[in-house]
Amino acid sequence: MVRDKTFGSRLTDIIILVLLIGITLSCILPIWYTLAMSLSSNSAAAAGRVWLWPIDINFNSYLQILEDRNFFNSFWISVQRVVLGAGLNFIVVALMAYPLSRTARQFRARSVLMWILVFIMLFNGGLIPLYLTIKELDLLNSIWALVLVGGAQTLVFNIILTVNFFRNLPKELDEAALVDGAGPWFTLFRLYIPLAVPVLATVSLFSIVYHWNEFLYGLIFMTREQYYPLQTYIQQLVVSVDPATMTEDQYRRLSELSNRTLDSAKIFIAMLPVLVVYPFLQRYFIHGITLGSVKE
């Protein structure tokens, strides 16, 4: 019987290991394939010969993209959007989640505000009223249109997640803080926020990924190309070259470009910042989601 259990346990471990390896490869291989395609030649991409390794390696797709000044401008706009959006999301989530995590006796309006948040998460006025509101506020072609509208899309979910995290913290913390004479601001910033690092890092990651990847509002609220965030710019990017001003080197590189290699280069550049940031916040992800999703 002991041998059977040992064999069954090892077999289970092997199956789980194989499944985890398969899931890992399913996540890594598309990224690697995109990189290989972006570094391959036009003929190899057109012939479908590229799979896990670049064929006739060259950097012409990246050079073609980087020659455009608007690319760097759009990149900088996206960086500003992420910094402002994630920072504002962090502040609002912390300041709203703490009072909403109190009991009805401590904060009488808690239930009403929670229902309002749930209603906002489920229903909205639609795209046209949203556009008219942004226009009336004179926020068209403004970074704040992207920050405020985009942040509102994920804010309610992040607040609810953080509220549940705060509710699962020991009630003795409040009692000890009250006995020591600590006020709500001191309790929030010296007790709750340091303990809520996992969930706050998780919701910040959600906000960063959303603001970096979202492109639709750039199309709607930005009427000029120089105000496009990176994802909107890449989605609209078209290689246009004046033959009269092209050099011999540009002719050679253009002949080696294809839609597949160029699009792969765009996609890889767009995903790179998130791939760099994610490992630093990943260790908080599972812990923050698990504790924040449990409701008493």
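The values are calculated or read from the model by the stated rules, or taken from the named source; none is laboratory data. Everything numeric here is computed off the predicted structure, so don't read it as measured data. Reconstructed Cβ throughout: ideal geometry from the backbone, glycine too, with neighbour counts over all protein chains shown.
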**Asked** Has the stretch 102-119 got at least one residue that is surrounded by 15 or more Cβ atoms within 10 Å (Cβ to Cβ) and within 27 Å of R81 (Cβ to Cβ)?
**Response** yes
**Asked** Can you spot a residue in the stretch 38-45 that is in contact with a Pro (Cβ under 7 Å, 6 or more places away or on another chain), surrounded by 10 or more Cβ atoms within 10 Å (Cβ to Cβ), small (G, A, S) and farther than 29 Å from M222 by Cβ?
**Response** yes
**Prompt:** Across the stretch 26-53, what is the total count of residues that are modelled with pLDDT under 80 and in a helix (DSSP H, G or I)?
**Reply:** 6
**Item:** Answer from V147, V92, V118 - the residue that is in a helix (DSSP H, G or I) and under 30 Å from E225 (Cα atoms)
**Value:** V147
**Request:** Evaluate the following for F221: is it more than 21 Å from L275 (Cβ to Cβ), of a type outside the set (D, E), modelled with pLDDT of 85 or more and surrounded by 18 or more Cβ atoms within 10 Å (Cβ to Cβ)?
**Result:** yes
**Prompt:** Condition test on A176, is it under 21 Å from L117 (Cα atoms), assigned to a helix (DSSP H, G or I) and modelled with pLDDT under 85?
**Reply:** no
**Item:** Of residues in the stretch 156-173 being part of a loop (DSSP other than H, G, I, E, B) and either in contact with a helix residue (DSSP H, G or I) (Cβ under 8 Å, 6 or more places away or on another chain) or closer than 13 Å to Y98 by Cβ (or both), the one modelled with the highest pLDDT
**Value:** N168
**Prompt:** Just for the stretch 56-66: of the residues that are surrounded by fewer than 17 Cβ atoms within 10 Å (Cβ to Cβ) and of a type outside the set (D, E), which one is modelled with the lowest pLDDT?
**Reply:** L66
**Item:** One residue from G85, G125 being among the small types (G, A, S), under 25 Å from the mean Cα position of the chain (by Cα) and not in a loop (DSSP other than H, G, I, E, B)
**Value:** G85
